[in-house]
Amino acid sequence: MSKDRLTTVLESWEAVIGLEIHTELTSLNTKMFCGCPVQFGGESNTRVCPVCLGMPGALPVPNESAVEATILAGLALDCRISRWSQFHRKNYFYPDMPKDYQISQYDLPFCVGGGVNVEIDGDGCAQRLDRAAVGADPDGTYTTRIGITRIHLEEDTGKMVHVGGSEGRIAGATHSLVDFNRAGTALMELVSEPEIRTPEEARRFAQKVRLVFLTLGVSDCNMEEGSMRVDANVSLRRRGDIEFGVKAEVKNMNSFKALHDALAYEILRQGDVLDAGGTIDQETRHWDAGKKRTSSLRSKEYAHDYRYFPEPDMVPFTFDDEYIDRLRARLPELPDARGSRYMAEYGLPKHDAAVLSGDLELGDYFEQVVEGVGVPLARAAANLVLGDFSAYLNAAGSTPTDADVGPRKLARLIQLVDDGTISGKQAKEVFAEMVATGEKPRQIIDRLGMRQVSDSGAIEEVVDRVLASNAAQVAEYRAGKHGLLGFFVGAVMREMGGQANPAVVNEILHARLDA
Amino acid sequence: MAISEEQVRHVATLARLGLRDEQVAELQVELNDILVQIDRIQALDLTGVEPTTHAAAITNVTRPDVVRPCLPRSEALRNAPEQQDGAFLIPKFGG
């Protein structure tokens, strides 16, 4: 599956993609409609009660914090909060759902409308063939607004293990085991408008939504463990057409890469079918990350007919201005605002601001470093955090939160460069030692006998010696070969064991040579 | 009649009910009787009456996010026809 093939298909076909993002509210103490605790894993059926087991007569009562979390998500994503809202029953049979209906929301969800701006840069820009028309920069970078249709609240299902088939698949299984620990966990469903046009846009949109939810602290959004699940509806239409084609729903992508790759595959598959004069079946398809393809679930289920009706066990919700304003006041600084602040207050370049505000933990870490060094050194802090520190995180497979080098130590290192104790080059060495030994920068500098000599008297002495013993080069330099400056700097630094302040060395060399 | 035999069979399928032919005929009559009552309600002049889904005029009933005791697993599984490793064992389905 090459990128070229994707481009070829996208030249004649435009992809129309909408996402459904299910997020378990893992930050809650309890489930959506009962007091059973919310946790991942553990012994089967140990966190269940009559409500989440669907026992007759058990009465579900909504978790107020789950409702608040959903309204917060809506406010963070520019949605309108419904004045009048309620739960509905969605009726279908499946063994992981004990009541044979799911309490969900139908025509009166908590949040309606909204959207996020998604920035596309790098290789992914090429997938958007009409990027010039959407205002792309010369390097291809563009921003697109993806609308949100709605955000509603519902309950999660239990989990099944299929026994006797291959790889735990239901096909060929002899029986299944059901664990209802997850059943009834609050599940927030976000539905996007079908305004996504490329796999890369889908990935960036989902990443942005995840970042907002992480910032709000409503979920750990762990795609591998399934606390965030992204399904995609994708169809193709001829470029220039207005009407949508027949769509397929793709499921089982448990990483952002899988989401991207599954969509790229599905666009190629549908393009091939349509180019050959075939038609697309409206069906659910399963992404197999190992085989890198989607396949039809061929479920024998009947056509969906959920017969939604208002949940009689629960009264409706009204949200007035006071309630909404109270929650709005609880919103933390959101990623876009954070990025803008980094540019405006710290003077960071756009790219650096985007990377730091695009990663909640890294952004928090960066801010702690800035707290230590002060705003005037924020750019130096960004350079170190995005440079050596990020390289170390990648190499160590670590996260900012559990990094061996804390923000206070990093701040100290920046200060030691700023006050001239060591050079930027020496700082790299010190950082490597900090990672290796866990020592404080000062200890390392003392241990290694590192000193940066800024005393111009001492440097002048060495400069004069170096110039005297390289008379030929001095003559060449003065005759116009200014590239030799580096040669002199190197010679002085060598002479001084790398401890001279390069800025002072440069200054003195210029004074002597250009005189 | 408003509800066809085919619709009765469809609804029965959705509800996972296995009906004999004579039961389908009986239910078709009964469901249509219910619809006649609905028609009478729909014929009422309800100008100025707000639609409602509940009899009680109360809203926003919630509970605090506080953990309450769960069932012991033996209790949770007590009515399970079959169980294995603490899970409900169910026969082969779908697939």
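What follows is calculated from the coordinates using simple rules that are stated; it is not laboratory data. Remember, it's a predicted structure, so these values are computed and weren't measured experimentally. We place every Cβ from the backbone using ideal geometry, glycine too, and count neighbours over all the protein chains shown.
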Dipole of the stretch A:237-332 (Lys/Arg Cβ +1, Asp/Glu Cβ -1, origin at the Cα centre): which of A:Pro310, A:Gly240, A:Ile267 lies farthest to the positive side?
A:Ile267
Please list, in order along the stretch A:244-249, the HN-Hα scalar couplings obtained from phi with the Karplus expression 6.51 cos²θ - 1.76 cosθ + 1.60 (θ = phi - 60°), rounded to whole Hz, x for Gly and Pro.
6, x, 6, 9, 10, 9
Cysteines in the protein assembly as shown lacking a second Cys C-beta under 4.7 Å:
A:Cys34, A:Cys36, A:Cys49, A:Cys52, A:Cys125, A:Cys221, B:Cys70
Mean projected area, convex hull of alpha-carbon positions in the stretch A:456-513, reported to one decimal in nm², is 3.3 nm²
Using only the alpha-carbon atoms, how far is helix A:502-513 inclined from the longest principal axis of chain A? Give it as 0 to 90 degrees, nearest 10.
40 degrees
Within the stretch A:322-472, pairs of Lys residues whose Cα atoms are less than 24 angstrom apart, provided they are eight or more positions apart or on distinct chains, add up to 5
Taking 26 Å as the cut-off for C-alpha to C-alpha distance, list the pairs among A:Lys257/A:Lys291; A:Lys159/A:Lys247; A:Lys251/B:Lys92; A:Lys99/A:Lys257; A:Lys31/A:Lys159; A:Lys247/B:Lys92 that go past it.
A:Lys159/A:Lys247; A:Lys99/A:Lys257; A:Lys247/B:Lys92
Dipole of chain A (Lys/Arg Cβ +1, Asp/Glu Cβ -1, origin at the Cα centre): which of A:Met450, A:Pro98, A:Gly122 lies farthest to the positive side?
A:Gly122
For A:Ser82, what charge total do you get from the other residues with a beta carbon under 12 Å from its beta carbon, if Lys and Arg give +1 and Asp and Glu give -1?
+1
Under a plain spin-label model, where a point goes 7 Å from the Cα along Cα-to-Cβ, how far apart in nm are A:Asp325 and A:Asp275?
5.9 nm
Using alpha-carbon coordinates, inclination of helix A:407-418 to the longest axis of chain A, degrees:
30 degrees
Å³ per residue of the Cα convex hull, for the stretch A:191-266?
90 Å³
Quick one: putting +1 on the C-beta of Lys and Arg, -1 on the C-beta of Asp and Glu, what dipole do you get for the protein assembly as shown around its Cα centre, in Debye to the nearest 20?
1060 debye
Scattering profile of chain A from the Debye formula, Cα beads only, expressed as log10 I(q)/I(0) at q = 0.07 Å⁻¹, is -0.55
Quick one: Cα centre-to-centre distance for the stretch A:3-76 and the stretch A:343-400, in angstrom?
32 Å
Relative to the longest principal axis of the C-alpha atoms of chain A, give the angle of the C-alpha long axis of helix A:3-12, reported between 0 and 90° and rounded to the nearest 10°.
60 degrees
Using Cα positions and a limit of under 15 Å, work out the aspartates and glutamates in reach of A:Lys90, with same-chain residues fewer than 8 apart set aside.
A:Asp100, A:Asp107, A:Glu154, A:Glu155, A:Asp156, A:Glu189, A:Asp305, A:Glu311, A:Asp313
Considering only C-alpha atoms, what is the centroid distance from the stretch A:464-497 to the stretch A:122-198, in Å?
62 Å
Put +1 on the Cβ of every Lys and Arg and -1 on every Asp and Glu Cβ in the protein assembly as shown; which of A:Val163, A:Gly290, A:Ile508 then has its Cα farthest towards the positive end of the dipole?
A:Ile508
With θ set to phi - 60°, apply the Karplus curve 6.51 cos²θ - 1.76 cosθ + 1.60 along the stretch A:217-229 and write out the HN-Hα couplings as whole Hz, x wherever there is a Gly or Pro.
x, 8, 7, 7, 6, 8, 5, 5, 7, x, 7, 9, 10
Which of the peptides A:493-505, A:163-175 is most tightly packed, and how do the rest follow, going by the mean number of other Cβ atoms within 10 Å of each residue?
A:493-505, A:163-175
All aspartates and glutamates inside 14 Å of A:Lys481 as judged from Cα atoms, apart from same-chain residues fewer than 8 positions distant
A:Asp514
